[in-house]
Every structure is written in structure tokens, then in C-alpha cells.
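Here's the structure we're looking at; comments come further down.
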Amino acid sequence: MEDKAIVLQGASRLAPVRVSEKLQLKDESEASGQTALAAFGFAGAVWLLTANPIGAIAALGVGFFIYTRVDSKEEDRAEAINGNALSAALKPQQLDQYLQEVGSDRVRAELQWAERQHINLPRKQRQLLAALEADCPHDVLALSQGELIDQTRRHGIKAVLEAFEAAIADGHLLNEMQKTYVSMARQKLGVTASQNVGVETRLNAIAVDSQADPTVGGVQPQPVAPQALTEPAPTKPATQAPDITDFIIDQGNSLVFLGGQGVGKSRLMAITSQRGLEQGKYKHVTVLSGLAKANEDPIYWQHCVNQLFFDLAPMDDRDRELALAKQLKAIQDFKNAANSENPGLLILDEIAFQAAVLARSGEHTVQYALQKEITDILRVVCSGGAKRGWFVWVGTPQGAIGDMGDIGRAIKKLKPVCCAIAPMSAVKSRGHSTTWDEGLYQAAKLNFPALYFPPSTMSDRIVFFDGRWLPQTRHELQTAKPSEAKQSGSKAQDLKAAIDKIVFAALKGRGFITAAELRPYCAQFDPILVLKAYAQSQPDHFYLRDAGASDVLLGMKQTAKVEAKV
């Protein structure tokens, strides 16, 4: 419950408050007499020195003005001190310290009491009272990016912008982050700045105002003679600006995609990889995820040759080990299939949880082997993987990588692609509102120093890549048209017939074939999966066994005939 002695409407004075010694003020009404005496003394001196009646009258006028102005100010100050409303009497440099000592509630009550007493408050006190009544921090210049965004959510853009405008009017200079905030806030509210952000001084403000009024300084606007109408020049058709996916395909090889849930990270990877496949940068795409269910986003990855999705979180140790073994095999198959003539893209989505799990594993385990496999391929692509035809993208929902072990240290060497929602924007994603993630930004900036706070933008969804912020992709995922699907199906049938021919020729000649032998003919398929399909389709005719590292052998049983077909 608030102190009634502080907020009582009819109180003649407030309850006293204890403050530090250098903030204790006394009634300085005597100073007004001294100031007035000095004012009239100045007037008398001018009279004597000039011996001019007109100068004497002017001097007396100046002296009287100073007297009345100072005397009124000192009376207000004395009344504030006598009423224990010290905040109304303090100098600007003392006000911040007083606020820290007594708190915002006390200062608000004092300034409101002073207004009710018709005390003329200095500009600093008026600005502070407006900020306190809006429950907005008055000292916005001291707020960090995270605190600024938090205050915007709590009090609204308008209240925070007004605090900035007051600071600008008071002559304070803004840093780059604050300039960006003010520019974006003005744009959001449709406010036209009275002066350019970055030249916040009283002198510059006057200069800008002078430019706005053509009569200032005696300069009159000159009439402009009307020009003859001419045929407008033909305009060239506008060319569409490059898309973020174009930059990534042209300039990006192996990358780490950063971004929380709902910002479009996986969607951007899917669209860009699909376009890269269409443009021929990649001949095949493999996607693996350790924190997603099968067919969770089927439209995203329909262009991928190999898709392997597991939700490792709820699995027990045995199921998790089996799933990780399949991932290990898939990465090894990718490395064997991809080369300079058959470049491939490997996407490791949602790597954070999986990398943390692998970092806690001991040696001589599947987990340790998978961690080493991922770490090795990341290190290779960072030092020339494009020459091998290896491209790797890693997706993670967090900026911190300290708990990812060796995989995290390798990820730090990749070029970052940071997906985000623009500050002061909110986007609906799967029924939830998604906003700027200051924590992820700060953590990511520690690992990728090139990242910086986004400037004012017209887009709610933004992406940082190659040293600049750009709008999120305007492209959509392309689904196959019926005619294209039919044509693709006929090509697949032709390829299957060719593989059948190779497999049965080997079985007829020597009774077996290995995945390594079949791999050169399977640019779009995993040869191990192909041989497994043969074995599973007719177990009475075929058998399958391991044939060394990353290889299997398909053999024909002695009782089977070579003409057997899948």
C-alpha cells in the first residue's frame, strides 16, 4: 500500500526522505536577493559606462528581466525544498543519483505534488515525470539491446520512442543500435523525424528547422519556370532483385543455419537445396535429422534421394544406438557416392541435441564413431570439401555450441546463415507468435563475430548471410506437376531396369554382387538400400551379408534360379 503522506492530494508538504549528504538542499531564498542585486548592479554599471539614456533603459530592462526570471525560479525551488519535493529542485546531474537513492515511486509522487502546487518544473524533471507516469524507463540510453526489446514488449513502441525523442531533444547522441531502433520505431508508427537521427544536437536541430523554412535568414524561395511537356522516356522492365537463395547457392558451400523454432530455418534449407539441385550445383541431396519424426515435413524433403529422420529424445539406449548406426551408415554412403563429378549435399538438421548426446559418449561406441564421422566431414568441407564434391549444411536452433563437443568446435568454422524475425515484429507460426530472439542472437554473436544487429527493414522475416541482412526467401517449394511426375517415373523405371540387368549379370556370372560394385551406377540411389530391397523381396532366392566397411554383399542361394526378379 502506498504511503498516504506521499500521495495525499491536499497535503501541504510531503513526508521527508533521507538522502546522501551531497543531495541535501537548503532553502536558498537568500540567493534570489543576491541574484537580483547582481542583476541591478549589472544594469547600473552599464548606465554609468555608457552614459546613454537609451542604453541605461535597455540595461534596466535586462536587469529587471533577469531579476524576475531568477526570482521566480528561486521561489519555485524554495517551495519544492520546503515541501520535501527535492527532485523538483535538483540540478539535472543530481537527478539520476536521487532517483537511484529514493526510487521511482517517491520521485513520481514528488513531481506530481510539485505540479499540483503549480511549481514550474525544469525540462529534465518534466521528461522524467512523463516517463515515470508511462511506467517506461527514463534513461533509455543506458539500456542494452535485450533490455530495450523487453521494455518495448512491456510498454509499447510509442512510450520507448518518446523517451528516445526526449533524449535527442536534450542533445544526447545515439549509438548505432539506438539509431536503428529509433528509425524502425518511427517507421512502425508512421512518425516523421523532425531531424535526422545521428545529428542530435541543439545546433543541428536549429539548422534543420532553418532548412525547413525557406524564409529563415532572409532567403526567399525563387519561382521555378514551368518546363515544356516532353514525351516520357521508355522505361525498362524492372528486374527482380536477387533472392537470398541465389546468394547462398552462388557464394555458400558448407554452412551452419542458425534460428529458433518458427523462423523458417528448415524451410530455407529445403527451398535452397531444391533450387541448387535444379541448377546443377548438387546432383543428389541427403537429409538426416535426429530430432524429427518421419514425414513430419514431407513436402520439404521430397527432392532428397535419402531421408533419415529419428526422434532420439524419447528412445531408450538400444533403439537410440540402432538409429545412430543408421545415420553413421548414411553419412558414409554419402561420402562414397559424392565426388567432383557427382557433387552431393548432406543436410544435418537439428544437430544441437544430437551433438550434445554424442559428446557424452565413450570410445568404442556407435555414438563415438558417429561423432567422429560428423566432425571429420565438417573439418574436410571447411578446408576444400567443394573440390571433393562434398557440401554440408548444419541446422541448429541455438547460438550456443559449447555443449556440442568436437562437433560444435567444427561448426564454428562454417559460414553462418542466421534466420530471424525482425526486432519489433511478430509472426504467427503453427499457432504461436514468434519474435526476435535476443538470447540466440547474443550467443550466436560470440561464436560468429561477423553477426550484427539488423538495421531497419521492410521484412518481418530476415536472414543474415555473408555479412549482410536480407529478406527471407520469396520462393516456395516446387512440387512435381503430373506430367513431370510421369516423366520422372518413366526415368526411374528405366534406371531400375538397368540396375536389374547389372545385378543379374553379376549373379549369373559368379553368384554375388557388392554395393561397392553397384555404386558407380547408382548416382540417385543408395546401392546398399538397393541390394537390401532385393534380399527382402525374395528371401528364398537371395541372402545379404556384410562385406567390410560401408559395404554389403548380395548373393544367390544355390537352389535359386538366376532369372528370379524383384
Quick one: pull the percent of accessible area on the range 338-483 belonging to carbon and sulfur, 1.4 Å probe, ligands and nucleic acids left out. 52 percent
Per 0.36 nm of contour for each residue apart, how much would the distance between A325 and L141 grow if the chain were fully extended, relative to their Cα-Cα spacing? 60.9 nm
At a 10 angstrom cut-off on C-beta neighbours, averaged per residue, how do the peptides 371-382, 169-180 rank from highest to lowest? 371-382, 169-180
Which trypsin sites (Lys or Arg not before Pro) from the range 243-345 combine a DSSP loop assignment with at most 14 other Cβ atoms within 10 Å? K293
Between A241 and Q100, 0.36 nm times their residue separation minus their Cα-Cα distance comes to what? 45.6 nm
Expressed in nanometres to one decimal, the distance between label points 7 Å along Cα→Cβ at R116 and D376 is 7.9 nm
Roughly how far apart, in whole Å, are the Cα centres of the range 375-447 and the range 257-320? 15 Å
For R318 and Y543 in the same chain, what is the full-extension length gain: residue separation times 0.36 nm, less their Cα-Cα distance, in nm? 78.4 nm
Collect residues whose amide H, placed 1.01 Å from N in the peptide plane, falls under 5 Å from the amide H of F542; neighbours closer than 5 in sequence don't count. K557
Computed over the range 337-446: relative contact order in percent, which uses C-alpha pairs under 8 Å that are six or more apart: 30 percent
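The values are calculated or read from the model by the stated rules, or taken from the named source; none is laboratory data. The structure presented is a predicted model; accordingly, all values stated were derived computationally and were not measured. Please note: Cβ atoms are built from the backbone with ideal geometry, for glycine as well, and neighbour counts cover all protein chains shown. When the accessible area is computed, the model is the full protein with side chains, heavy atoms only, and any ligands, DNA or RNA have been set aside. Shrake-Rupley method; radii C 1.70, N 1.55, O 1.52, S 1.80 Å.
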